[in-house]
Amino acid sequence: MSRAIQAVRGMNDLLPDSVGLWQHAERCAAEVLQAYGYREIRLPLLEKTDLYVRSIGQVTDIVEKEMYTFEDRNGESLSLRPEGTAGCVRAGIENGLLHNQIQRLWYAGAMFRHERPQRGRYRQFHQIGVEAFGMPAPELDAELILMGARLWRKLGLHGVSLQLNSLGTPACRADYRKLLVDYLEGQRAALDEDSLRRLESNPLRILDSKNPALQGMIERAPSLLDHLDAESAAHFGRLRSLLDDAGLAYKVNPRLVRGLDYYTRTVFEWVSGDLGAQATVCAGGRYDGLVEQLGGRPTPAAGFALGMERLVELLAQRGSQPHGGRPWLYMVLIGEPAQRRGVLLAERLRDDGITVECDAVGGSLKSQMRRADRSGAAYAALIGDAELSAGLVSLKSLRSEEAQEQVPDDRLTQVLRQKLAC
Ligand code: HAM
């Protein structure tokens, strides 16, 4: 036998047993998004590399070292999407969705980043992303945040908390950057290699460093929140009061800077203490300059993306166990006439919304019962000669000691619904 080929590191198979939780989360998210008037958009996995350089930023970890970039057969540089905002803005401009319009959009799918794989951090991961265009007021920022909170409630997740910050406008950030660089220059001896590099290119990212040795120095750094322009400060104040009115708790974190360069004003992260080092399950903010930066007319915008792997991990920890696509009923059919009747009966049950798997291999009762058990179904319906002539099935629980009972064909839906409480 030749050696089996393995998956690419950091890219996971989602096996049928876990897909049930994913589908549950996706369904709940789609319902919440719809309730706020968001519509789905489907976008390419590949874009021109330049799109990400111009949006996420040249000196960000994502663009500098995490993209899957290659030249196609025409020598054009393309990248697998590391996130969805840039592609969504590109599509909005290209298809005329943004100018003078209000758009509320969402997308779901795989993203790719060549990061060091660990718990909660993968090279292929999945996001549900939300992008809203044409609304400058903080009411939109509040809507995005309340939508997240509604989803956690719907999914029964309690320990997810909100961190909030404002990055102001590019102009006030530039002034603050000078202040910060002055401060950091005075601390040069304390900086690590990464921070020294960022001191020239992207000093705000130093505030985001996880290096414990730098935390004291970061704590004492001047805070951008103290240097916001008047309009940004008012925007942030209004957002906070909207969240207060809605009774939503949050923590202002002046060190929250995000790893993508396109943000202006509001940024936020939903964080859980149950995820280990990769604690952020959902993150986003406002990006009022990006549409223009990518060649569109000036258009205010904001959004967020939630990490599906992290969300599903939280659901699994809670013990959420949707049926996972397992059938409710497995048909055990002994002999050719029973097989013919079983297939028709199964079709009728499916018309009634019952999920049914029919044995399509045949053979002895014992071998069919073994397959019934392995299918994960809750019940087996047996049809042999005796059942056939009486118009019955023998219904047997595969998961409990419940006594086997005989049920007329036409009452099977009703009996199953009662037993399975659905
Ligand atoms: P992001 O913070 O880079 O933002 O990613 C959003 C979320 O995706 C993270 O909070 C995390 O849950 C998940 N995530 C990111 N990288 C990985 C990874 N390597 N493995 C597993 N999960 C991961 C964005 O992508 C922005 N586009 C969000 C946004 C939308 N801002 C405005 N609109």
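Values computed for the structure shown
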{"item": "Shape call, the stretch 1-140: gyration tensor on alpha carbons, a/c limit 1.5", "result": "oblate"}
{"item": "Helix 308-317 vs. the chain, principal-axis angle (Cα, 0 to 90°, nearest 10)", "result": "60"}
{"item": "Surface per residue (accessible, 1.4 Å probe) for the chain, Å²", "result": "49"}
{"item": "Percent of beta bridges antiparallel (DSSP, the chain, rounded to nearest 5)", "result": "80"}
{"item": "Protein accessible area in the stretch 271-365, 1.4 Å probe - carbon and sulfur %", "result": "51"}
{"item": "Under 12 Å from Lys251, Cα to Cα: aspartates and glutamates that are on another chain or at least 8 residues apart", "result": "Glu269"}
{"item": "In range of the label at Gln101: residues from the stretch 289-312 whose backbone nitrogen is under 17 Å from the point 7 Å along Cα→Cβ", "result": "291-292, 295-302"}
{"item": "Charge sum, other residues only, whose C-beta stays under 10 Å from Asp409's C-beta, Lys/Arg counted +1 and Asp/Glu -1", "result": "+1"}
{"item": "For the stretch 23-63, projected area of the alpha-carbon convex hull averaged over all directions, nm²", "result": "4.5"}
{"item": "Calculated over the stretch 321-382: convex hull of Cα atoms, volume per residue (Å³)", "result": "71"}
{"item": "Pairwise FRET efficiency - Gln34 versus Lys419, Cβ, R0 = 41 Å, nearest 0.05", "result": "0.80"}
{"item": "Trypsin sites (Lys or Arg not before Pro) lying in DSSP loop within the stretch 33-85, provided at most 11 other Cβ fall within 10 Å", "result": "Arg42, Arg73"}
{"item": "Share of alpha-carbon pairs per 10 Å distance bin for the chain, given as whole %", "result": "4, 18, 24, 20, 13, 10, 7, 3, 1, 0"}
{"item": "Accessible surface ranking that places the most exposed of Arg173, Arg411 first, with a 1.4 angstrom probe", "result": "Arg411, Arg173"}
{"item": "Distance in nm between pseudo-label sites at Leu14 and Gln215 (7 Å out along the Cβ direction from Cα)", "result": "3.4"}
{"item": "Candidate residues Glu94, Glu40: accessible-area rank, largest first, probe 1.4 Å", "result": "Glu94, Glu40"}
{"item": "Set of lysines near Lys48 by C-alpha distance (under 24 Å), chain-local residues within fewer than 8 positions excluded", "result": "Lys65"}
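The values are calculated or read from the model by the stated rules, or taken from the named source; none is laboratory data. Owing to the predicted nature of the structure, the values given are computational and were not obtained by experimental measurement. Neighbour counts are summed over all protein chains in view; Cβ atoms, including those assigned to glycine, are modelled from backbone coordinates with ideal geometry. Keep in mind that these areas ignore ligands, DNA and RNA; they rest on the heavy atoms of the full protein, side chains included. Shrake-Rupley method; radii C 1.70, N 1.55, O 1.52, S 1.80 Å.
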